[in-house]
């Protein structure tokens, strides 16, 4: 009887963890692809600027969602950490994104720009992320992002800080 109860509780906990994980991301994973020439960024975009105050504002990104693509980019973060601007011309959106990501952390060095592709390989937007001085954090690209297409056409964006970098901050805070 006790073994059955333990099995039941273990199975229930596992099922709950799976449901939570699927609820947070879910959907079909989308690919990104680095770009070589930012001149390809044309059209009208919804510009989403994201930064949080934790970890020296390392979690700072900008997203350019192509308007009229049938998709909307939605970072899975608190709304008060977002600034969303609609109908921004491509090169203006890029300039604003670059200014935003370069202003949040003194160790910023360069941008990395990637296309966000739908399941057929069509560009639906762009990600603009900061690369930092690797001496400061041990690596220049401190973020990982995941893009998940939900049935509604919303692209849920999951943003994480590299665990090694996160641990540096927690160790220095004495946690």
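The values are calculated or read from the model by the stated rules, or taken from the named source; none is laboratory data. Just so we're clear, the structure is a prediction, and the values are computed from it rather than from any experiment. We place every Cβ from the backbone using ideal geometry, glycine too, and count neighbours over all the protein chains shown.
Could you please give the count of residues in the range 75-91 that are more than 25 Å from residue 156 (Cβ to Cβ) and part of a strand (DSSP E or B)? Let's see the steps before the verdict.
First pass over the range 75-91, keeping only residues more than 25 Å from residue 156 (Cβ to Cβ): 89, 91.
From the residues that got through so far, the ones that are part of a strand (DSSP E or B) too are 89.
Selection size over the range 75-91: 1.
Among the residues of the range 88-109, is any touching a residue at least 60 places away in the same chain (Cβ under 8 Å) and out of contact with any helix residue (DSSP H, G or I) (no Cβ under 9 Å at 6 or more places or on another chain)? It would help to see each step written out before you state the result.
Step one: of the range 88-109, the residues touching a residue at least 60 places away in the same chain (Cβ under 8 Å) are none.
No, that holds for no residue.
Has the range 120-134 got any residue that is touching a helix residue (DSSP H, G or I) at 6+ places or on another chain (Cβ under 8 Å) and under 12 Å from residue 55 (Cα atoms)?
no
Go through the range 131-149 residue by residue and tally those that are part of a loop (DSSP other than H, G, I, E, B) and touching a strand residue (DSSP E or B) at 6+ places or on another chain (Cβ under 9 Å).
As a first pass, look at the range 131-149 and keep what is part of a loop (DSSP other than H, G, I, E, B): 133, 138-142.
Those still in the list that are touching a strand residue (DSSP E or B) at 6+ places or on another chain (Cβ under 9 Å) too: 133, 139-142.
Total meeting the criteria: 5.
Looking at 94, 64, which is the one that is part of a helix (DSSP H, G or I) and at pLDDT 85 or above? If you could, list the steps in order and put the result at the bottom.
Working: 64 fails: part of a helix (DSSP H, G or I).
Going through 94, 64 in turn, just one is part of a helix (DSSP H, G or I) and at pLDDT 85 or above: 94.
Could you please find all residues in the range 147-175 being farther than 18 Å from residue 54 by Cβ and either touching a helix residue (DSSP H, G or I) at 6+ places or on another chain (Cβ under 7 Å) or crowded, with 16+ Cβ neighbours inside 10 Å (or both)?
So in the range 147-175, the residues farther than 18 Å from residue 54 by Cβ come out as 147-156.
Those that are farther than 18 Å from residue 54 by Cβ and either touching a helix residue (DSSP H, G or I) at 6+ places or on another chain (Cβ under 7 Å) or crowded, with 16+ Cβ neighbours inside 10 Å (or both): 147, 148, 149, 155, 156.
Looking at the range 100-121 only, could you name the residues that are surrounded by 13 or more Cβ atoms within 10 Å (Cβ to Cβ) and out of contact with any strand residue (DSSP E or B) (no Cβ under 8 Å at 6 or more places or on another chain)?
Once the filter is applied, which keeps residues that are surrounded by 13 or more Cβ atoms within 10 Å (Cβ to Cβ) and out of contact with any strand residue (DSSP E or B) (no Cβ under 8 Å at 6 or more places or on another chain), the range 100-121 yields only 103.
I'm told residue 57 meets every condition in (1) surrounded by fewer than 17 Cβ atoms within 10 Å (Cβ to Cβ); (2) closer than 16 Å to residue 158 by Cα; (3) modelled with pLDDT under 95 except one. Can you identify the failing condition by its number?
All conditions are met except number (2).
Restricting attention to the range 16-37, does a residue exist that is part of a helix (DSSP H, G or I), out of contact with any helix residue (DSSP H, G or I) (no Cβ under 9 Å at 6 or more places or on another chain), within 25 Å of residue 132 (Cα to Cα) and at pLDDT below 90? Working first, answer last.
Filtering the range 16-37 down to residues part of a helix (DSSP H, G or I) leaves 16-24.
Add one more test, that the residue is out of contact with any helix residue (DSSP H, G or I) (no Cβ under 9 Å at 6 or more places or on another chain), and what stays is 16-24.
Those still in the list that are within 25 Å of residue 132 (Cα to Cα) too: none.
Within the range 16-37, not a single residue is part of a helix (DSSP H, G or I), out of contact with any helix residue (DSSP H, G or I) (no Cβ under 9 Å at 6 or more places or on another chain), within 25 Å of residue 132 (Cα to Cα) and at pLDDT below 90.
In this structure, is residue 128 under 29 Å from residue 27 (Cα atoms), assigned to a helix (DSSP H, G or I) and either at pLDDT below 95 or under 17 Å from the mean Cα position of the chain (by Cα) (or both)?
Values: under 29 Å from residue 27 (Cα atoms): yes; assigned to a helix (DSSP H, G or I): no; either at pLDDT below 95 or under 17 Å from the mean Cα position of the chain (by Cα) (or both): yes.
Judged against the criteria, residue 128 is not a match.
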